[in-house]
Amino acid sequence: MSRILVVDDEPWVRRFLTTALSAKGYEVEEASDGKEALEVFRGSSFDMVLTDLRMPRMDGLELLKVLQEEDPTVLVVVITGFGTVEDAVEAIQNGAFNFLRKPVRLEQLYEVVRKGMEHRRYLLEEAEVLPYMVKELSFRIPSQRRLIPGVASAILRNLEDMGYSLSPAERFAIPLAIDEALLNAIEHGNRDDPEKNVTVVCRITEGCLEVTVEDEGEGFDPRSVPDPTAPEQMATARGRGLFLIRNYMDEVRFNERGNKITMLKYNRRGS
């Protein structure tokens, strides 16, 4: 059973999250701030920590940094208040794998937690994606979402084989950026058509990872995607994927048609 630690100084928020997650079969414990969370965390094992950013004694960002040092495999989701998107960006850059906005919507909560648990499982275990691999880390997969984590996991393993010394934040950020790009290609590009494929080409050099994801759809104009942090977009999921990709990776480009995304991550530590 997956275990989650909920950290928030507002009792009603903790109760809401605990009740919602328990209803989905997760085992949940609570803490009222960062210091209490560390005590609970050190006394047990958790797959995920959901933490508010603004708390007394120890805030969520401080807690995130300590958790990354003590257990790089734990997933941390930060919860931000209205108008604090800068905090969410900083948290993602420091190792948080995703964020939620208050008031937390159940649909979004369940999706973020489900995706995180899926990634953790695939990062810790071998992914069976070799039948879809072509030479030089090329993949041509049908529009099936279950294959997404396998592609991301295979690329991560090959990065490490190339001598990349990845930080805990990068170990989560790179696969999640690939996940978002593949999900967009399958869902929005190919519109979940099982007859259409997605092509992924990965190029790894000593200094840079370059991943392109191309679908067989009509394409789109990336400039038309709304800012998901704008107040009028807070209740929708549109634009979140591209927002996360741009924060996970160092450079993001689209072709003119808009059906191929190129993502770059630099190896600043060298081989």
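Working only within the stretch 245-262, note down all residues that are within 18 Å of the chain's Cα centre (by Cα), of a type outside the set (Lys, Arg) and more than 17 Å from Ile186 (Cα to Cα).
Within the stretch 245-262, Asn247, Tyr248, Met249, Asp250, Glu251, Val252 meet the criteria.
Across the stretch 62-97, what is the total count of residues that are in contact with a helix residue (DSSP H, G or I) (Cβ under 7 Å, 6 or more places away or on another chain) and on the phi > 0 side of the Ramachandran plot?
Count: 1.
Out of (1) surrounded by 22 or more Cβ atoms within 10 Å (Cβ to Cβ); (2) out of contact with any Leu (no Cβ under 6 Å at 6 or more places or on another chain); (3) polar (S, T, N, Q), the odd one out for Thr51 is which?
Failed condition: (2).
In the stretch 68-87, what residues are in contact with a Leu (Cβ under 8 Å, 6 or more places away or on another chain) and among the aliphatic types (A, V, I, L, M)?
Val74, Val76, Val77, Val78, Ile79, listed by residue number.
Looking for something surrounded by 18 or more Cβ atoms within 10 Å (Cβ to Cβ), of a type in the set (Val, Ile, Thr), under 22 Å from Ser143 (Cβ atoms) and in contact (Cβ under 8 Å) with a residue 40 or more places away in the chain - is there at least one such residue anywhere in the stretch 220-229?
Of the stretch 220-229, the ones surrounded by 18 or more Cβ atoms within 10 Å (Cβ to Cβ) are 228-229.
With of a type in the set (Val, Ile, Thr) added as a condition, the list becomes 229.
Those still in the list that are under 22 Å from Ser143 (Cβ atoms) too: none.
No.
Identify all residues within the stretch 54-63 that are surrounded by fewer than 24 Cβ atoms within 10 Å (Cβ to Cβ) and either in contact with a strand residue (DSSP E or B) (Cβ under 6 Å, 6 or more places away or on another chain) or not assigned by TED's automatic domain parsing to the domain that holds Gly116 (or both); write none if there are none.
Within the stretch 54-63, no residue meets the criteria.
Within the set of pairs 6 or more residues apart or between chains, which connect a residue that is in the same structural domain as Ala173 (by TED's automatic domain parsing) inside the stretch 84-111 to a residue that is among the β-branched types (Val, Ile, Thr) with Cβ atoms less than 8 Å apart?
Short answer, once both residue conditions are applied: none.
Restrict the check to the stretch 249-271 and report whether at least one residue is surrounded by 15 or more Cβ atoms within 10 Å (Cβ to Cβ) and at pLDDT below 85.
There is at least one residue in the stretch 249-271 that is surrounded by 15 or more Cβ atoms within 10 Å (Cβ to Cβ) and at pLDDT below 85.
The values are calculated or read from the model by the stated rules, or taken from the named source; none is laboratory data. Every value quoted in this text rests on a predicted model; they were computed, and no experiment measured them. Cβ: placed from backbone, ideal geometry, glycine included. Neighbour counts: every protein chain shown.
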